[in-house]
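What follows is one structure encoded as structure tokens, with my remarks underneath.
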Amino acid sequence: MASPFLFFPGDPLTESELRAACLDGLLVPLGAGFMHADAAETAWMRAASLRPLLGDALAATRLTAAWIHGALDVEPARHEVQRAVPRRSTDAQRLSVAYRDMQIDDGDLETIAGVRVTSVARTLADLARSENPVHLEAASRWRDGDRAAVIRAREWLAGARRFPGKRRAAALLGAASS
């Protein structure tokens, strides 16, 4: 579904023309494209802006998914993606993204603007179980500002199979204010 608020290089303007519009204050970069400077940056817009990057085979995960869900104010410098289909693809390895080749379960995905994104529960749980300090900081900030997301992530962890860092995630999410 195309949006009158999103522009991608080559459709119909070149990247140079789009960047010139940014210099004029008409557009701002968003994901793999550009949007009107006065348009609202919603979860739909953030997800749709990554459609050319993710296509049908990849899902936004971790920091990228947190950004799409609105838990992060700033777009990650490097998007984190994971395979969402059974077949492996070498195309993803050419992209400048952090790519995980293990297929993610369909039950942990939702679709926003035609883009697969890990659910709020799975995203927060993944960030909380990570050893990466940037992920842990994002999880802590999300935990402190969104009680409903914490409850969903705790439920997801309780029903999930064994994962590396599951205890760490439970401890971080259990520390949420009541």
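Can you find, within region 76-85, the residue that is nearest to Ala128 (Cα to Cα) among those that are crowded, with 18+ Cβ neighbours inside 10 Å and of a type outside the set (Val, Ile, Thr)?
Start the filter on region 76-85 by keeping residues that are crowded, with 18+ Cβ neighbours inside 10 Å, which leaves 76, 79-84.
If we keep only those that are of a type outside the set (Val, Ile, Thr) as well, we get 76, 79-80, 82-84.
Working: Pro76: 17, His79: 18, Glu80: 15, Gln82: 17, Arg83: 21, Ala84: 21 Å.
Checking each candidate, the answer is Glu80.
How many of the residues making up region 56-106 are without any contact (Cβ under 8 Å) to a residue 12 or more places away in the chain and under 15 Å from the mean Cα position of the chain (by Cα)?
Number of matching residues: 3.
Given the criterion touching a Ser or Thr at 6+ places or on another chain (Cβ under 6 Å) and not β-branched (Val, Ile, Thr), identify the matching residue among Ala57, Ala43, Ala37, Ala47.
Ala57
For Ala39, all conditions in the list (1) at pLDDT 95 or above; (2) touching a Phe, Trp or Tyr at 6+ places or on another chain (Cβ under 7 Å) hold save one; what is the number of the exception?
Ala39 satisfies all of (1) at pLDDT 95 or above; (2) touching a Phe, Trp or Tyr at 6+ places or on another chain (Cβ under 7 Å) except (1).
When you scan region 141-171, how many residues do you find that are closer than 10 Å to Ala128 by Cβ, assigned to a helix (DSSP H, G or I) and not charged (D, E, K, R)?
7
Is it the case that Arg19 is modelled with pLDDT of 95 or more and crowded, with 21+ Cβ neighbours inside 10 Å?
Details: modelled with pLDDT of 95 or more: yes; crowded, with 21+ Cβ neighbours inside 10 Å: no.
Taking the combined requirement at face value, the residue does not satisfy it.
Looking only at region 148-170, count every residue that is surrounded by 12 or more Cβ atoms within 10 Å (Cβ to Cβ) and either hydrophobic (A, V, I, L, M, F, W, C) or free of Cβ contacts under 8 Å to residues at least 40 places away in the same chain (or both) and tell me the total.
Residues in region 148-170 being surrounded by 12 or more Cβ atoms within 10 Å (Cβ to Cβ) and either hydrophobic (A, V, I, L, M, F, W, C) or free of Cβ contacts under 8 Å to residues at least 40 places away in the same chain (or both): 15 in total.
Residue by residue, here is whether (1) more than 19 Å from Arg167 (Cβ to Cβ); (2) charged (D, E, K, R) holds:
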| site | (1), (2) |
| --- | --- |
| Asp101 | yes, yes |
| Thr111 | yes, no |
| Gly114 | yes, no |
| Val117 | yes, no |
| Ala125 | no, no |
| Ala128 | no, no |
| Glu131 | no, yes |
| Ala139 | no, no |
| Asp144 | yes, yes |
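Could you pull out the residue among Gly25, Gly10 that is without any contact (Cβ under 8 Å) to a residue 12 or more places away in the chain, at positive phi and more than 13 Å from the chain's Cα centre (by Cα)? Before the answer, list the steps.
On the way: Gly25 fails: without any contact (Cβ under 8 Å) to a residue 12 or more places away in the chain.
None of the other options fit; the residue is Gly10.
Among the residues of region 111-122, is there at least one that is farther than 28 Å from Glu41 by Cβ, in a loop (DSSP other than H, G, I, E, B) and without any contact (Cβ under 8 Å) to a residue 60 or more places away in the chain?
No, region 111-122 contains no residue that is farther than 28 Å from Glu41 by Cβ, in a loop (DSSP other than H, G, I, E, B) and without any contact (Cβ under 8 Å) to a residue 60 or more places away in the chain.
The values are calculated or read from the model by the stated rules, or taken from the named source; none is laboratory data. Because the structure is a prediction, the values reported are computed rather than measured. Cβ sites come from the backbone with ideal geometry, for glycine too, and all protein chains shown count toward neighbours.
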